[in-house]
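J.: Mind looking over this structure? Questions follow.
The values are calculated or read from the model by the stated rules, or taken from the named source; none is laboratory data. Since the structure is predicted, the reported quantities are computational estimates derived from the model, not experimental observations. Positions of Cβ are backbone-derived with ideal geometry, glycine not excepted, and every protein chain shown enters the neighbour counts. The area values use the complete protein model at the heavy-atom level, side chains included, leaving out ligands, DNA and RNA. Shrake-Rupley method; radii C 1.70, N 1.55, O 1.52, S 1.80 Å.
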Amino acid sequence: MTPRIVFEDEEIRVVHRPGATAYSLLTFAALAHRPKDTWIWAGPPVEKLGIEAIGVIAKRENWYPAASMQAAAPAIRALLRPRAIGYGYSMGGYAVLKYGRLLGLTHGLAVSPQVTIDPAEVPQDRRFHRYFNPLLNADMAVRHGDSPPLVFVAGDS
């Protein structure tokens, strides 16, 4: 089957890449990636291995706003297989942690995620403050119950 866009709004694009695996892989692109046709993060290994995959790509450095993710959730959940693994790096790792349960993930791998970029919540970490938008990122911190039931976090300092 051909990859296709299954959801799109002003902030994100969601692409489905059908595969033959018994599980789904939901990838979240990192800070610098932008939508291009049906590209998804981790696309080359997904295609080579025939993995059932859905890719979420932000249209700018927006940290996957809650309103967009809530709007995309029904389309994503409808495509997920019973075992669904989220995978993301940095901004994408944040999305795995924040939206894992909302999207129906059973597992997650978040590499170098930020649990928030809100300057009021992390005044000591200024790396991403310039991307914080109070309208898009209100209540953005990862809270108990947001993440998939089984999640692995790999980080650096």
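J.: What residues of region 69-89 lie in the reach of a label at A22, counting those whose backbone N is under 16 Å from a point 7 Å from the Cα along Cα→Cβ?
T.: 81-85, by backbone N distance to the label point.
J.: Lys and Arg at +1, Asp and Glu at -1: add these up for the other residues within a Cβ distance under 15 Å of R60 and post the number. If you can, show how the numbers build up before the last one.
T.: Details: positive: R13, R34, K36, K59, R130; negative: E8, D9, E10, E11, E61.
Residues close to R60 contribute a combined charge of 0.
J.: Filter the GluC sites (Glu not before Pro) in region 21-119 to those in DSSP coil with at most 10 other Cβ atoms within 10 Å of their Cβ, and list the result.
T.: Here no GluC sites (Glu not before Pro) fit, given the DSSP loop and packing criteria.
J.: What fraction, in whole percent, of alpha-carbon pairs in region 27-94 exceed 16 Å separation? Write out the running numbers ahead of the final one.
T.: On the way: 1110 of 2278 pairs.
Roughly 49 percent, once rounded to a whole number.
J.: Another question, then. Taking a probe of 1.4 angstrom, what is the accessible area of H16 in Å², to the nearest 10?
T.: Using a 1.4 Å probe on the heavy atoms, I get roughly 20 Å².
J.: Where in region 79-157 are there trypsin sites (Lys or Arg not before Pro) that are in a DSSP coil and have at most 10 other Cβ atoms within 10 angstrom of their Cβ?
T.: On the way: sites: R83, K98, R101, R126, R127, R130, R143; in loops: R126, R127, R143.
In loop regions of region 79-157 (DSSP not H, G, I, E or B), the sparsely surrounded trypsin sites (Lys or Arg not before Pro) are R126, R127.
J.: For the chain, state what percent of all Cα-Cα pairs lands in each successive 10 Å bin, counting from 0 Å until the bin that includes the largest distance.
T.: The calculated distribution, bin by bin, is 12, 45, 34, 9, 1.
J.: OK, next. Most fluctuating residue of V14, V111, V56 in a GNM of the chain with Cα springs under 10 Å: which is it?
T.: Sorting by GNM fluctuation, first place goes to V111.
J.: Could you work out the pair-distance distribution P(r) of region 1-63 from its alpha-carbon pairs, with 5 angstrom bin width and percents rounded to whole numbers?
T.: With 5 Å bins starting at 0, P(r) equals 4, 21, 31, 24, 13, 6, 1.
J.: Next question, about the same structure. Pop out the carbon and sulfur fraction of the accessible area of region 70-142 as a percent, whole number, probe 1.4 Å.
T.: Ligands and nucleic acids excluded, carbon and sulfur reach 56 percent.
J.: When the helices in the chain are scored as -39500 (n - 2.57) per DSSP H run of 4 or longer and the sum is shared across all residues, what 222 nm value do you end up with, to the nearest 500 deg cm²/dmol?
T.: On the way: 3 runs with 34 residues, N = 157.
Here the helix-only value at 222 nm equals -6500 deg cm²/dmol.
J.: Tell me the per residue accessible area of region 1-131 using a 1.4 Å probe; a whole number in Å² is fine.
T.: Accessible area per residue, region 1-131: 46 Å².
J.: Same structure, new question: If I fit a long axis through the Cα atoms of helix 91-103 and take the longest principal axis of the Cα atoms of the chain, what angle between them do I get, 0 to 90°, rounded to 10?
T.: Once rounded, the angle reads 70 degrees.
J.: Simple spin-label model, 7 Å along Cα-to-Cβ: T2 to E47 in nm?
T.: 1.5 nm
J.: Among P113, P45, P82, which one shows the biggest mean-square fluctuation in a GNM of the chain, springs joining Cα atoms closer than 10 Å?
T.: Fluctuation is largest for P45.
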